[in-house]
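> The following block contains the structure, expressed as structure tokens.
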Amino acid sequence: MIQVVIAEDQELLLEAMGNLLNLEDDIEVVGTAVNGEEAIMLVDQLQPDVCIMDIEMPEKSGLEAAESLQLTDCKVIILTTFARPGYFQRALRADVSGYLLKDNPSEELAFSIRSIMDGKKIYSEELMDEDMSEADSLSQTSSESINKGRVKNYLSSIMDKIKLPTG
């Protein structure tokens, strides 16, 4: 069972993400936090396999928390809504395992968690900075990019599961 801590300051999104991930047979959300400081404390206490963090949170951002967690065994996935200059490079320096868009369906997040547990690094192409000098050194086997077509397929699938109208 993959144990996960989620840190997200928007409580509705935090609860929804936790509930959707708990539907997966091999993933268990063991803790939730509403800021980066709480996330660091929970990772220290609970020793999860993965910590999923919003990039912008009070007290400590997801990137600051990721930097603090570099020496732990916990793999960090950063979630964000927008690409911001310099954030991708900072995420690489913090050695995050994933840097993903928030609007991906939960199945895509679950797939990313499993891939990261298998040793891969997952970065959404839409979030990568124009200057990819550091990212260019990532090998194909250690990184994957999530393509838009697969995201749309997962989105349709999740909408079917929760009975939301499409279109």
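The values are calculated or read from the model by the stated rules, or taken from the named source; none is laboratory data. All values reported here derive from a predicted model rather than from experimental measurement. Every residue, glycine as well, gets a Cβ built from its backbone with ideal geometry; the counts of neighbours run over all protein chains shown. What goes into the accessible areas is simple: the full protein's heavy atoms, side chains included, and nothing from ligands, DNA or RNA. Shrake-Rupley method; radii C 1.70, N 1.55, O 1.52, S 1.80 Å.
> Would you please name the chymotrypsin sites (Phe, Trp or Tyr not before Pro) within segment 1-94 that are DSSP coil residues with at most 13 other C-beta atoms within 10 Å of their C-beta? Write out the running numbers ahead of the final one.
Details: sites: Phe82, Tyr87, Phe88; in loops: Phe82.
Hits after loop and neighbour filter: Phe82.
> Considering only protein heavy atoms and a probe of 1.4 Å, how much of the accessible area of segment 14-113 is carbon and sulfur, as a whole percent?
Values: 2070 of 4390 Å².
After summing per-atom areas, the C and S share lands at 47 percent.
> Which far-off residues, 5 or more places away or on another chain, put their amide H under 5 Å from the one on Ile122, with H placed in the peptide plane?
Counting only residues 5 or more places away or on other chains, the set is Gly98, Tyr99, Glu144.
> What spacing in nm lies between the two simple spin-label points modelled at Asp44 and Gln10, each 7 Å away from Cα in the Cβ direction?
2.9 nm
> Quick one: dipole size for segment 3-125, taken about the Cα centre, charges +1 on Lys/Arg Cβ and -1 on Asp/Glu Cβ, in debye to the nearest 20.
540 debye
> Quick query: amide H of Glu56 versus all other amide H atoms, modeled in the peptide plane; which residues come in under 5 Å with a sequence gap of 5 or more or a different chain?
Result for Glu56 returns Gly62.
> Let me ask something else about it. Given a Förster distance of 22 angstrom, what is the FRET efficiency for Thr72 paired with Asp118, based on the Cβ-Cβ distance and rounded to 0.05?
Working: r = 19 Å, r/R0 = 0.85.
Once rounded, the FRET efficiency stands at 0.70.
> Can I ask one more? Out of residues 5 or more away from Asn35 or on other chains, whose amide H comes under 5 Å of its own, with H placed 1.01 Å from N in the peptide plane?
Glu8
> Quick one: 3J(HN,Hα) in Hz for segment 79-89, Karplus 6.51/-1.76/1.60 with θ = phi - 60°, rounded, Gly and Pro as x.
After applying 6.51 cos²θ - 1.76 cosθ + 1.60, I find 10, 8, 9, 10, 7, 10, x, x, 5, 5, 4 Hz.
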